[in-house]
Amino acid sequence: MTTWLFLGFTVLMLLRVPVAMAIGGAVIIALIGGGYGDGLYIVPQQVLEGVDNASLVAVPFFILTGNLMNVSGMTDKIFNFAMTLVGHMKAGLAQVNVLASMIFAGVNGTAVGDIAGLGQLEVKAMRERGYPADFAAALTVSSAVVGPIIPPSVGLVVYSFLSNTSVARLFLGGIIPGILVGISLMIFNRVYAVRFNVPTQPRASVREIVRSGWDGIAALVAPGIIMGAIITGFTTATEAGVLACMYAFGVGLLYRQLTWAHLWKALTDTMLMTSVVMIIVGFSTVMGWLLAIEQAPQRLAQAMLGMTDSKPVFLALLIIFFLIIGCFVEGVPAKLILVPALLPITDAYGVDRVHFGLIIQLGLLIGIATPPMGIGLYVVSEVARVPFEKVTIAILPMLVPLIITLILVTYIPDLTLFLPNLIMGKE
């Protein structure tokens, strides 16, 4: 059945079938091809069992928080604050793009949400100041990689559910890698500014910085509230999601920009995105069940352990594997398929589960910016009205700092584990 499963999934993906339907279709093809066509009633049972998990309740709340902040004008305030801080630097507006994504990551938690929320504003501003449209769009996708690494993160919540790992430790573990991604892109911008004649902005006064910071303080303190509630044990990750939603709703009312129409849009967008995630989770559970029956994880583990005894070589293979998979399959479904299969192997090599969570998260995330299937490229192409082909070419040099950061995070575990061990103690 394993052969039918992967053959069916590959063919459906090549036919550009949506990933959720491709996973479900591959499962049905595998059951019929393996001679178990009379057992299709198992599929809905496994789908329901897959989504019936308390950990996943946090997902729609974090998505709703980001959507509420999008419609209530917080993205503008975050962008304006970032502009006063770094807008005067060489390639200042490009640096604003990265810094704004790092700040917005703390309240949104999804890469697509970052592109949809900040993308149009960032590309428009960069275009008006003389930046090439394709460069602006490509940088917007690259900086959006920060979103699901710096907490809160929908992807890390899903990984926590799959690996039985503390959400708080994963969120803390994502802070330093997320900052490193941002710094690597800002260094790239600086090199780009030296090579090309890019426009600069006038330096903001201290008074302007304070004013923009005060104007956006409600958005800026949101990450601290979310992380503080989880780390102190005041709330679980799910309850923190509810708290974040209530906070975002209250701030929207405070700014007087959250109308009934805006609220309806936030709710409908959340419902659609959550539905897609849950359908993927459900079908991926069935796929995992089939793989378990075929003992595919055990066979994969034996093959990889027989390939090399060296942990550094194994980590290099992981990096290459995740970068390739990330080009074709989105982060959540990829984790749902890969994590159950790879965890026994990483445990055998002595890789900490929090560390592995950030490796797979960042490795697959780079895929949203990688041609030919990176979803971020399609989203920004629509949002920014830039031809897909031009964005694809412009993104290629930006993948270099992202991959270098992934290598650093993979081979220096303390970049991930330092904060969780410092604040929560070693496990």
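Rundown of residues vs (1) among the small types (Gly, Ala, Ser); (2) touching a residue at least 60 places away in the same chain (Cβ under 8 Å), yes/no style:
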{"site": "Ser166", "(1), (2)": "yes, yes"}
{"site": "Arg169", "(1), (2)": "no, yes"}
{"site": "Pro202", "(1), (2)": "no, yes"}
{"site": "Ala219", "(1), (2)": "yes, yes"}
{"site": "Gly233", "(1), (2)": "yes, no"}
{"site": "Val242", "(1), (2)": "no, yes"}
{"site": "Tyr255", "(1), (2)": "no, yes"}
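Of a type outside the set (Phe, Trp, Tyr), closer than 22 Å to Ala22 by Cα, surrounded by 23 or more Cβ atoms within 10 Å (Cβ to Cβ) and more than 12 Å from the chain's Cα centre (by Cα), is that true of Thr370?
Details: of a type outside the set (Phe, Trp, Tyr): yes; closer than 22 Å to Ala22 by Cα: yes; surrounded by 23 or more Cβ atoms within 10 Å (Cβ to Cβ): yes; more than 12 Å from the chain's Cα centre (by Cα): yes.
When the stated conditions are applied, Thr370 passes them.
Tell me which helices (runs of 4 or more DSSP H) are completely within the stretch 304-419 and hold 3 or more residues being closer than 23 Å to Ala168 by Cβ and either without any contact (Cβ under 8 Å) to a residue 60 or more places away in the chain or among the aliphatic types (A, V, I, L, M) (or both), or say none if there are none. Give the steps one after another, and end with the answer.
On the way: elements: 311-328, 331-348, 353-365, 375-384, 388-395, 399-411.
So the answer is 331-348, 353-365.
Wholly within the stretch 154-254, which helices (runs of 4 or more DSSP H) include no fewer than the required count, namely at least 1 residues that are within 21 Å of Asp76 (Cβ to Cβ) and among the β-branched types (Val, Ile, Thr)? I'd like the intermediate steps shown before the answer.
Values: elements: 154-163, 167-195, 206-215, 217-220, 222-231.
It comes to 206-215, 217-220, 222-231.
Cβ contacts < 6 Å: first residue free of Cβ contacts under 8 Å to residues at least 60 places away in the same chain and exposed (fewer than 14 other Cβ atoms within 10 Å of the Cβ), restricted to the stretch 24-44; second residue assigned to a loop (DSSP other than H, G, I, E, B) and of a type in the set (Phe, Trp, Tyr), any location; separation 6+ or different chain. Result?
none
Among Met271, Met278, which is the only one that is surrounded by fewer than 19 Cβ atoms within 10 Å (Cβ to Cβ), at pLDDT 85 or above and either in contact with a Leu (Cβ under 6 Å, 6 or more places away or on another chain) or assigned to a helix (DSSP H, G or I) (or both)? Break it down into steps so the answer makes sense when it comes.
Working: Met278 fails: at pLDDT 85 or above.
After ruling out the rest, the residue left standing is Met271.
When you check Leu419 against the structure, is it closer than 20 Å to Phe321 by Cα and not β-branched (Val, Ile, Thr), yes or no? Working first, answer last.
Details: closer than 20 Å to Phe321 by Cα: no; not β-branched (Val, Ile, Thr): yes.
Here the answer is no, as Leu419 does not meet what is asked.
So which helices (runs of 4 or more DSSP H) are wholly in the stretch 1-107 and hold at least 3 residues that are under 30 Å from Gly130 (Cβ atoms), at pLDDT 75 or above and of a type in the set (A, V, I, L, M, F, W, C)?
Details: elements: 2-14, 19-33, 42-51, 58-71, 74-86, 92-105.
The helices (runs of 4 or more DSSP H) meeting that bar are 74-86, 92-105.
For the stretch 46-68, indicate whether the set of residues that are buried (at least 19 other Cβ atoms within 10 Å of the Cβ), touching an Asp or Glu at 6+ places or on another chain (Cβ under 9 Å) and over 30 Å from Met271 (Cα atoms) is non-empty.
no
The values are calculated or read from the model by the stated rules, or taken from the named source; none is laboratory data. Since the model is a prediction, treat every value here as computed from it, not as a measurement. Don't worry about glycine lacking a Cβ; one is built from the backbone with ideal geometry, like all the others, and counts go over all protein chains shown.
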